[in-house]
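Here the structure comes first, spelled out in structure tokens, and everything after it is commentary.
The values are calculated or read from the model by the stated rules, or taken from the named source; none is laboratory data. Everything numeric in this text was worked out from a predicted model, so none of it was measured. In this analysis, Cβ positions are derived from the backbone assuming ideal geometry, glycine residues included, and neighbour counts consider all displayed protein chains. Accessible surface areas use protein heavy atoms only, side chains included; no ligands, DNA or RNA. Shrake-Rupley method; radii C 1.70, N 1.55, O 1.52, S 1.80 Å.
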Amino acid sequence: MPLASIVRLRGKWLSENPIHARTGWAFMAFIDINGVSKVYQTRREPVTALTPIDLHIEEGEFVSIVGPSGCGKSTLMLMVAGLLETSGGSISIGGKPVVAPQTDIGIVFQSPVLVDWRSVLGNVLLQVELRGMQSKQYEAEARKLLKSVGLEGFEDRHPFELSGGMQQRTSICRALVHNPPLLLMDEPFGALDALTREQIRVDIERLWMQTKKTVLFVTHSIAESIQLSDRVVVMGPRPGYIEKILTIDLPRPRLVSMRESSKYLQYQH
Ligand code: ADP
């Protein structure tokens with residue numbers, strides 16, 4: 001790797017970025033999405049899911065992507081995770097181009113996808129076991145995470161003994177147990193009732209405030225995106241594009257009462 005190929009500088013990444021190759025060294029954000037587009041090749045006709053988009057996310061930022069169904073939110077997230085190839089443009093995380101499935105990330109999907117025959121603790125530790133790491137070394141962290149989301153005392157239960165909200169909390173702990181710098185969440189509250197959604201939102205904000213991970217959060221809920229995010233990326237309908245990026249300047253933790261503030265209502269509007 002060339003000298004200081006990746007140098008962390010005041011929260012920015014100075015790196016050799018092919019996009020900026022002509023201009024030499026360039027400042028980069030932690031997640032750098034440059035001119036990224038996606039066309040799905042189907043048997044009938046190509047489907048343009050995303051027109052070229054640019055998005056730059058700083059380390060420790062909580063960024064939501066909100067938009068109507070089919071505007072390409074999940075497509076974008078899967079490309080950031082390296083689980084789907086881009087059709088154009090480039091993505092880098094921490095100065096490194098995303099060219100394969102990323103291992104140093106945590107992902108939470110709408111469905112918790114837990115293994116029924118494993119305990120709650122066993123499900124969380126599955127993350128480290130699948131990575132060939134020693135689960136014993138991560139047990140204390142797993143228990144700490146479970147406690148922080150209100151699952152202390154449930155470590156030995158099995159998924160079928162838990163409510164939907166508890167299952168999703170378990171999957172959030174599983175996504176974080178190996179301490180990844182980046183957490184990707186795709187509609188994580190989608191299958192939950194309103195009250196549970198609200199409680200998990202509070203848990204996620206608290207966890208984020210403690211850990212300051214970079215979070216990319218996909219949702220179709222305007223309210224949730226405002227309550228959780230530093231910035232909200234508003235996407236327009238297919239073929240997806242970025243319509244607007246809002247910086248949410250509200251104090252944390254964001255209490256339910258804040259929804260009546262004029263600033264909150266302005267963002268919502
Ligand atoms: P969102 O997450 O915003 O609901 P998606 O990223 O899932 O949107 O999908 C964006 C568009 O791409 C949609 O029109 C969808 O039908 C299309 N699409 C998604 N996956 C595929 C695929 N594998 N093949 C063809 N089209 C797809």
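Close amide H partners of residue 61, meaning residues 5 or more places away or on another chain with modelled amide H under 5 Å apart, are 215. In this label model, residue 212 and residue 247 are separated by 1.8 nm, measuring between points 7 Å along each Cα→Cβ vector.
List every residue whose amide H lies under 5 Å from the amide H of residue 107, counting only residues 5 or more places away in sequence or on a different chain, with H placed 1.01 Å from N in the peptide plane. Placed amide hydrogens put 184 under 5 Å from residue 107. Summarising the amide proton neighbourhood of residue 39: residues at separation of 5 or more, or on other chains, whose placed amide H is nearer than 5 Å comprise 49, 87.
In order along region 88-103, phi translates into HN-Hα couplings of x, x, 8, 10, 9, 10, x, x, 9, x, 8, 10, 7, x, 7, 9 Hz, rounded to whole numbers, per the Karplus curve 6.51 cos²θ - 1.76 cosθ + 1.60 with θ = phi - 60° and x for Gly and Pro.
Each Lys and Arg adds +1 at its Cβ and each Asp and Glu adds -1 at its Cβ; summed about the Cα centre, region 102-228 shows a dipole of about 320 debye.
Measuring max minus min along each principal axis, the C-alpha atoms of region 44-200 give extents of 48, 35, 33 Å (largest first). Gyration tensor over the Cα atoms of region 204-269: the corresponding equivalent ellipsoid has semi-axes (square roots of 5 times the eigenvalues, largest first) of 21, 16, 9 Å.
Excluding ligands, DNA and RNA, the accessible surface per residue across the chain is 51 Å² with a 1.4 Å probe. Within region 92-185, the GluC sites (Glu not before Pro) that combine a DSSP coil assignment with at most 12 other C-beta atoms in a 10 angstrom radius are 152.
Taking a straight line from the alpha carbon of residue 213, these lysines sit under 24 Å away, with near neighbours fewer than eight places off in the same chain left out: 12, 73, 96, 136, 144, 147, 244. Inter-part distance, region 184-235 to region 34-70, computed on C-alpha centroids, equals 19 Å. Magnitude of the Cβ-charge dipole of the chain, K/R +1 and D/E -1, about the Cα centre, nearest 20 debye? Around 300 debye, computed over the chain. Each residue of region 230-242 was assigned a 3J(HN,Hα) from its phi angle through the Karplus expression (A = 6.51, B = -1.76, C = 1.60, θ = phi - 60°), giving 7, 9, 10, 9, 9, 9, x, x, 3, x, x, 8, 8 Hz with x at Gly and Pro. Residue-wise HN-Hα couplings along region 118-124, as the Karplus relation 6.51 cos²θ - 1.76 cosθ + 1.60 with θ = phi - 60° gives them from phi, are 9, 5, 4, 4, x, 5, 5 Hz; Gly and Pro carry x. Each label point was placed 7 Å from the Cα along the Cα-to-Cβ direction; for residue 104 and residue 262 their separation is 4.6 nm.
Mean-square fluctuations from a GNM of the chain, with a 10 angstrom spring cutoff on Cα atoms, peak among 237, 251, 159 at 251.
Helix content alone sets the calculated 222 nm mean residue ellipticity of the chain: runs of n ≥ 4 DSSP H residues at -39500 (n - 2.57) each, divided across all residues, give -9000 deg cm²/dmol. Computed from Cα positions, the angle between helix 194-211 and the longest principal axis of the chain comes to roughly 70 degrees. Percent of C-alpha pairs per 10 Å bin in the chain, short distances first: 7, 28, 34, 24, 8, 0.
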